[in-house]
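The values are calculated or read from the model by the stated rules, or taken from the named source; none is laboratory data. Since this is a predicted model, take the numbers as computed values, not measurements. For neighbour counting, all protein chains shown are included, and Cβ atoms are generated from backbone atoms with ideal geometry for every residue, glycine included. Just the protein is used for accessible areas: all its heavy atoms, side chains included, with ligands, DNA and RNA removed. Shrake-Rupley method; radii C 1.70, N 1.55, O 1.52, S 1.80 Å.
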Amino acid sequence: MKFNLTRIAPTPSGFLHLGNAYSFLLTQALAEKTGAKILLRIDDLDRERYRKEYVQDIFDSLDFLEISIDQGPKNLSDFEQEWSQIHRLPLYQNALQKLSDSNQLFACTCSRKKIQSMDSSGYYLGHCLDRKIPLDRAEAAWRINTLTADLIELCAFPDHKIIQPIPLDTSFFIVRKKDQMPSYHLASLVDDQHFEVDFIIRGMDLLSSSLAQSYLSEVIDFKNFKYSTFYHHSILKDRKRKKLSKSEGATSLQHLRKNGKNLSDVLGLIGELMGSPAPISTMNEFKNLLNF
Ligand SMILES: [Zn+2]
């Protein structure tokens, strides 16, 4: 299979860790295998958690992992001047406008606390769907009605289909937040459409996002997204079988860099966490473990 463009899409909300390194290196391996170029897309719409040093950490980590990027920002200032999602706000607004004309949106004023108190699952079950709150109400989030969604069909690498409903934890997902900023789902979809990404590689924990975004693309009538191919990789766990998280601790790439480690050392650690029967230290050995 051949593709044109895949992407590495980190969020600058913490220091990157071995789980991110695994995802980036796997993306590079799949890009090589399929002829896809790599776009670096830094998702910085969450302005409360944004910090310049986290963006710098992304560039330092890519260098450290010897990953070359074909498209996207070259450094922190290039990112802020040309590539920040802030510059694409008009594109997101356009998509939101199309959605608001679709009759699939409703306004929701529920607080997180209220949602949790309404159902023990903590999932939003459509409380405001029939409340007819005007979309222009201040302090209202825009949600999409997922009740009318059919089963979602995704093309998955190498050659199978994922056919699933939108999972309950993603029902009525938000497309515009209460502060009127686009949600992650909306911005991610618009960006993938804008840059013409045709191969989306992300963790298994984001499968529900893929399903949600595919549904959103149908409602907005974005044609390309439907023909994208997805690969959802397994999530690297630490030695206690817990998901790795962003921190400055021992599994952070920053920590490894400061301690003079190199790509071979990182591959060795990743191999161990992947349960490799023998130690690994090269990209070829890593590719052999990946099984695709
Ligand atoms: Zn509500």
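For the range 101-119, the condition holds for at least one residue, the condition being that it is surrounded by 11 or more Cβ atoms within 10 Å (Cβ to Cβ), away from the ligand (no atom under 16 Å from the Cβ) and either free of Cβ contacts under 8 Å to residues at least 60 places away in the same chain or hydroxyl-bearing (Ser, Thr, Tyr) (or both).
Within the range 24-47, track down each residue that is assigned to a helix (DSSP H, G or I) and open to solvent by 20 Å² or more (accessible area, probe 1.4 Å). Step through it out loud before you land on a result.
Of the range 24-47, the ones assigned to a helix (DSSP H, G or I) are 24-34.
Scanning the range 24-47 gives 28, 32, 33.
One residue alone among 208, 188 is open to solvent by less than 10 Å² (accessible area, probe 1.4 Å) and in contact (Cβ under 8 Å) with a residue 12 or more places away in the chain, and that residue is 188.
Residues considered: 104, 164, 93. Of these, the only one that is more than 24 Å from residue 45 (Cβ to Cβ) and of a type outside the set (Gly, Ala, Ser) is 164.
For residue 224, the criteria (1) surrounded by fewer than 16 Cβ atoms within 10 Å (Cβ to Cβ); (2) in contact with a strand residue (DSSP E or B) (Cβ under 8 Å, 6 or more places away or on another chain); (3) at pLDDT below 95 hold in every case but one, which is (2).
Among residues of the range 21-36 that are within 20 Å of residue 272 (Cα to Cα), those with a beta-carbon under 7 Å from a residue that is at pLDDT below 95 and not in a helix (DSSP H, G or I) at least six positions away or on a different chain give the pairs 22/236.
Screening the candidates 160, 87 for the property of being under 20 Å from the mean Cα position of the chain (by Cα) and either loosely packed, with under 14 Cβ neighbours inside 10 Å or among the charged types (D, E, K, R) (or both) yields one hit, 87.
Within the range 74-85, is there a residue that is farther than 21 Å from residue 209 by Cβ, more than 12 Å from the ligand (Cβ to nearest atom) and of a type in the set (Lys, Arg)? The answer is yes; a qualifying residue exists. Just one of the listed residues (262, 284) is exposed (fewer than 12 other Cβ atoms within 10 Å of the Cβ) and either more than 26 Å from residue 159 (Cβ to Cβ) or without any contact (Cβ under 8 Å) to a residue 40 or more places away in the chain (or both), namely 284.
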